[in-house]
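Colleague: One structure follows; several queries about it will come next.
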Amino acid sequence: MAMYMLAFIAFALDLARRSADVTAAVNETASTVPSVRGTMSSNGTRSRRPDSPLTRVDTAAPQIQARQSPVLRVALALSVLGFLLHFAAVVTRGVAAGRVPWANMYEFGLTGSLLIIAIYLVVLLRLDLRFLGTFITGLVLVLLGIAVVDFYVEITPLPPALQSAWLVVHVFVASAATAFFALGFALSALQLAQHRREGRGEDLTKLKLKFLATLPSAVRLEDLAYRTNIVGFILWTFTLIAGAIWAERSWGRYWGWDTKEVWTFIIWVIYAGYIHARATRGWRGSRSAWLGIIGFVAVMFNFSVVNLFFKGLHAYSGL
């Protein structure tokens with residue numbers, strides 16, 4: 001958690017540096033391009049021109065090209081170090097328990113937050129999503145902190161229903177799906193902010209979150225979120241099917257309208273609606289982003305509130 005906190009601070013400093021770059025670029029352009037108060041038209045009226053081509057936001061692409069910075073390399077190094085320490089914690093918990101380390105809420109939070117960082121670092125090998133670092137490390141820091149502080153339990157023997165090979169497959173795939181949904185959530189949140197910036201065409205000198213001008217366009221962010229959520233949806237579909245098969249092996253029925261089963265299906269419906277609406281109904285822009293965000297909120301609700309406050313056959317929080 002200490003490494004993730006330092007990485008979070010370093011990523012936040014990079015965003016601050018991006019905002020400073022935007023301000024510097026605007027000031028430089030304003031000082032090099034002469035201000036034109038107005039020109040006389042053919043009918044004798046005076047028309048005004050903008051003082052600087054950078055004072056209005058380009059709605060098609062980022063306005064300012066982000067530059068590399070040492071603090072970003074430090075942030076990535078700290079993230080990798082945090083991941084290695086985190087991975088060691090998961091492995092040693094599994095060794096101590098003599099089984100896979102995701103049989104209760106503490107272990108699921110420990111493993112799930114590890115997978116969020118792991119998938120983010122793997123995606124960085126193909127796509128430059130370093131601008132997401134603040135949001136990903138911040139989310140992982142919160143989830144890991146809650147798991148350690150509020151959900152920690154001592155190692156206990158598994159109940160009979162969990163003594164199955166499906167524990168290895170079903171819960172791990174659910175954790176991986178949650179990690180992809182978390183990445184899609186971060187992209188959708190930035191997409192909303194970028195969409196608002198582009199739609200309003202705000203003056204860069206008055207823009208509050210100036211670093212947005214260095215990020216990909218809202219259309220690009222939406223495409224990345226869509227592709228990420230599709231992978232999560234495929235994994236969640238497998239989770240739903242595997243859970244039904246496991247339920248039949250353990251309780252003699254595939255579906256019993258248990259609270260956990262119902263919420264797993266609700267999450268599947270939300271993301272299915274997100275994918276279907278965007279592909280066939282033309283739900284683009286902020287509406288698709290809100291569906292992706294609602295889906296991840298439902299995932300977190302399923303993990304926390306349903307596990308803690310709803311009784312059922314899936315009451316394996318360990319608390």
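Colleague: Please specify each residue of the range 81-126 satisfying the condition of being of a type in the set (D, E, K, R) and assigned to a helix (DSSP H, G or I).
Modeller: 93, 107
Colleague: Ok, one more. Restricting to the range 124-148, and then to whatever is open to solvent by less than 20 Å² (accessible area, probe 1.4 Å) and without any contact (Cβ under 8 Å) to a residue 60 or more places away in the chain, can you tell me which residue is nearest to residue 211 (Cα to Cα)?
Modeller: Once the filter is applied, the top-ranked residue is 132.
Colleague: If you don't mind, there's one more thing I want to ask. Based on this model, can you work out whether residue 275 counts as part of a helix (DSSP H, G or I) and closer than 26 Å to residue 103 by Cα?
Modeller: Here the answer is no, as residue 275 does not meet what is asked.
Colleague: Moving to a separate point now. Taking residue 80 as the residue in question, decide whether it is over 22 Å from the mean Cα position of the chain (by Cα) and β-branched (Val, Ile, Thr).
Modeller: Answer is no for this residue.
Colleague: Another question, then. Condition (residue is modelled with pLDDT of 85 or more and within 22 Å of residue 167 (Cβ to Cβ)) applied to the range 268-286: is it met by at least one residue?
Modeller: Within the range 268-286, one or more residues are modelled with pLDDT of 85 or more and within 22 Å of residue 167 (Cβ to Cβ).
Colleague: Run down 180, 151 and say which single residue is under 17 Å from the mean Cα position of the chain (by Cα) and either among the basic types (Lys, Arg) or crowded, with 18+ Cβ neighbours inside 10 Å (or both).
Modeller: 180
Colleague: Here's another thing I want to ask about it. Counting only residues that are among the aliphatic types (A, V, I, L, M) and open to solvent by 40 Å² or more (accessible area, probe 1.4 Å), which one in the range 292-306 is modelled with the lowest pLDDT?
Modeller: Restricting to residues being among the aliphatic types (A, V, I, L, M) and open to solvent by 40 Å² or more (accessible area, probe 1.4 Å), the top hit is 305.
Colleague: Next question. Considering only residues that are β-branched (Val, Ile, Thr) and either at pLDDT 95 or above or more than 12 Å from residue 288 (Cα to Cα) (or both), which ones fall in the range 217-231?
Modeller: 228, 230, 231
Colleague: May I pose another question? Please pick out the residue among 158, 114 that is open to solvent by 10 Å² or more (accessible area, probe 1.4 Å), aliphatic (A, V, I, L, M) and modelled with pLDDT under 95.
Modeller: 158
Colleague: For the range 94-111, name all the residues that are touching a Pro at 6+ places or on another chain (Cβ under 7 Å) and surrounded by fewer than 19 Cβ atoms within 10 Å (Cβ to Cβ).
Modeller: Correct list: 94 only.
Colleague: Continuing with the same structure: Can you pull out every residue in the range 240-270 that is among the β-branched types (Val, Ile, Thr), under 19 Å from residue 169 (Cβ atoms) and surrounded by fewer than 16 Cβ atoms within 10 Å (Cβ to Cβ)?
Modeller: The initial filter retains those residues of the range 240-270 that are among the β-branched types (Val, Ile, Thr), namely 241, 245, 259, 262, 264, 266-267, 269-270.
This time we only want the ones that are under 19 Å from residue 169 (Cβ atoms), so: 241, 245, 264, 267.
Within the range 240-270, 241, 245 meet the criteria.
Colleague: Kindly indicate whether residue 237 is modelled with pLDDT of 85 or more, hydroxyl-bearing (Ser, Thr, Tyr) and surrounded by fewer than 20 Cβ atoms within 10 Å (Cβ to Cβ). Break it down into steps so the answer makes sense when it comes.
Modeller: Details: modelled with pLDDT of 85 or more: yes; hydroxyl-bearing (Ser, Thr, Tyr): yes; surrounded by fewer than 20 Cβ atoms within 10 Å (Cβ to Cβ): yes.
The answer is yes for residue 237.
Colleague: Within the set of pairs 6 or more residues apart or between chains, which connect a residue that is more than 12 Å from residue 229 (Cβ to Cβ) inside the range 273-284 to a residue that is small (Gly, Ala, Ser) with Cβ atoms less than 7 Å apart?
Modeller: 283/277
Colleague: Based on this model, can you work out whether residue 309 counts as within 20 Å of the chain's Cα centre (by Cα) and either modelled with pLDDT under 85 or open to solvent by less than 20 Å² (accessible area, probe 1.4 Å) (or both)?
Modeller: no
The values are calculated or read from the model by the stated rules, or taken from the named source; none is laboratory data. Computed from a prediction, not measured in an experiment: that's the story for all the values here. Glycine also receives a Cβ, built like all others from the backbone with ideal geometry; neighbour counts cover every protein chain displayed. To get the accessible areas, we keep the full protein, side chains included, count just its heavy atoms, and leave off ligands, DNA and RNA. Shrake-Rupley method; radii C 1.70, N 1.55, O 1.52, S 1.80 Å.
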